[in-house]
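Chemist: The structure under discussion is supplied below as structure tokens; questions concerning it will follow.
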Amino acid sequence: MPTKKIAVIGGGTMGSGISLTAATNGIHAVVVDVNEVQLSKAKMYHEKQCARAVLKERMTQEESDVAVSKLSYVSSMQEAEGVDWAIEAATENVAIKKKLFIQMQDTFEDSVVLATNTSSISITDLASAVPEAEHRVIGMHFFNPVPVMKLVEVIKGKKTSEETTAATIALSESMGKIPVPANDFAGFVSNRVLMPMINEAFHAWSDGVAEPEDIDSIMKLGCAFPMGPLRLADYIGLDVCRDIMMVMYEGLNQNEKYLPNEKLVALVEAGNLGDKSGQGVFNYEKG
Ligand code: NAI
């Protein structure tokens, strides 16, 4: 049966994008976030994106109204009633996510797939928090910005069932995405390749090889990247990048090549997280 209503746990950068993409593809989405400010931001983002799509003639006013009407915002999972799918998109932290999986298992019906948008954490490890539901746990890794990026990396845990996998592929496709499988190693494929490059760009900056603008220009002009690695790190969120690198460091034999660069860590510790805080490697306060 096609998925009709999903709960998206976490209404930050990714949760906002996943819920919007569901709604514009006819699926109801309930955004669950413990932070009320984040819920208001998600709602504002949805309304702005839908209004923009009408202006750009990518949607009619009626389609935009329908999409907005499919979105709702709550601060606890218990308020997300009647969902037939859950996607966890909260902070990249094993302890937080395991607690959320236990809560999801306790709150939602036994038939609900418990997917996670984790960038790097082992699906088998997250599933171990809910032994009775392990067959329903799967990695469903969307990319930022979700409404635009086509890929969903699909990662099975050791006990993920074929039924769960097939349903995940079907849901990804019904959201206009292209699902591609990856095995359950820290960072999967995308971040295994991307994060060392971002980290290396920080090392190049720290070593004085070039200034951030020039590092990005060199990679854009010389390697045909649409966005330089430091600009991309700000866009992803420097805290998210640091957390992913730490998961990869721990999960891939504590290989030091995954340890986040000191400048990256210092920016995060100073609250300079990138686009979402207005300042990261670059400044975004004036847009
Ligand atoms: P974010 O920091 O923008 O948002 C995380 C949200 O989770 C926050 O709004 C926070 O209030 C909420 N949250 C934390 N604990 C919660 C709880 N117990 N219950 C409900 N909500 C809770 O982070 P972002 O970037 O959206 O990342 C979310 C997940 O998606 C992470 O696992 C990250 O690794 C992954 N991801 C991030 C990408 C990116 O480009 N930022 C790309 C693909 C995956």
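Chemist: Would you calculate the separation in nanometres between label points at A95 and V189, each defined as 7 Å from the Cα along the Cα-to-beta-carbon direction?
Modeler: Between A95 and V189, the label points sit 3.4 nm apart.
Chemist: Just from the alpha-carbon atoms, what are the Rg and Dmax of the stretch 229-287 in angstroms?
Modeler: For the stretch 229-287, the Cα-based Rg and Dmax read 11.9, 42 Å.
Chemist: Once the whole set of protein chains is in place, how much accessible area is left on E173, using a 1.4 Å probe, in Å² to the nearest 10?
Modeler: Counting only protein heavy atoms, E173 exposes about 110 Å² to solvent.
Chemist: In nanometres, what is the gap between the two model label sites at K286 and E213, each 7 Å from Cα along Cα-to-Cβ?
Modeler: Placing both labels 7 Å beyond Cα along the Cβ direction yields 1.2 nm.
Chemist: Percent of accessible area on the stretch 5-182 owned by carbon and sulfur, 1.4 Å probe?
Modeler: The C+S portion of the solvent-accessible surface of the stretch 5-182 is 54 percent.
Chemist: Any idea of L20's accessible area? Nearest 10 Å², probe 1.4 Å.
Modeler: Accessible area, nearest 10 Å²: 10 Å².
Chemist: As an exercise, use a Förster radius of 51 Å and the Cβ-Cβ distance of E250 and V66 to find the FRET efficiency, rounded to the nearest 0.05.
Modeler: Between E250 and V66 the formula returns 0.70.
Chemist: Using the Cβ atoms and a cut-off under 10 Å, what net charge is assigned to the surroundings of V32, where Lys and Arg are +1 and Asp and Glu are -1?
Modeler: Net charge in that neighbourhood comes out at -3.
Chemist: Among the DSSP beta bridges whose two residues both lie in the chain, what percent are antiparallel, rounded to the nearest 5?
Modeler: About 20 percent, rounded to the nearest 5.
Chemist: Here is a further query. Largest first, please: the extent of the C-alpha atoms of the stretch 191-277 along each principal axis, to the nearest Å.
Modeler: So the extents along the principal axes, rounded to whole Å, are 34, 27, 23.
Chemist: Another one. Using the C-alpha atoms of the chain, what convex hull volume per residue, in cubic angstrom, is computed?
Modeler: 132
Chemist: Output the relative contact order of the stretch 191-277, whole-number percent, from Cα pairs under 8 angstrom with separation of 6+ residues.
Modeler: 32
Chemist: Let me ask another. Taking the Cα centre as origin and putting +1 on Lys and Arg beta-carbons and -1 on Asp and Glu beta-carbons, what dipole magnitude results for the stretch 5-182, to the nearest 20 debye?
Modeler: 580
Chemist: Give the relative contact order (percent, whole number) for the chain; include only Cα pairs under 8 Å separated by 6+ residues.
Modeler: Value for the chain: 14 percent.
Chemist: At 1.4 Å probe size, with every protein chain present, just tell me what the per residue accessible area of the chain comes to in Å².
Modeler: 49
Chemist: Using only Cα atoms and rounding to the nearest 10 degrees, what angle (0 to 90) does helix 190-206 make with the longest principal axis of the chain?
Modeler: In the chain, helix 190-206 runs at an angle near 30 degrees to the longest axis.
The values are calculated or read from the model by the stated rules, or taken from the named source; none is laboratory data. No experiment lies behind these values; they were computed from the predicted model shown. All Cβ positions, even for glycine, are placed from backbone atoms using ideal geometry, and neighbour counts span all protein chains on display. Note: areas computed on protein heavy atoms with side chains; ligands, DNA, RNA excluded. Shrake-Rupley method; radii C 1.70, N 1.55, O 1.52, S 1.80 Å.
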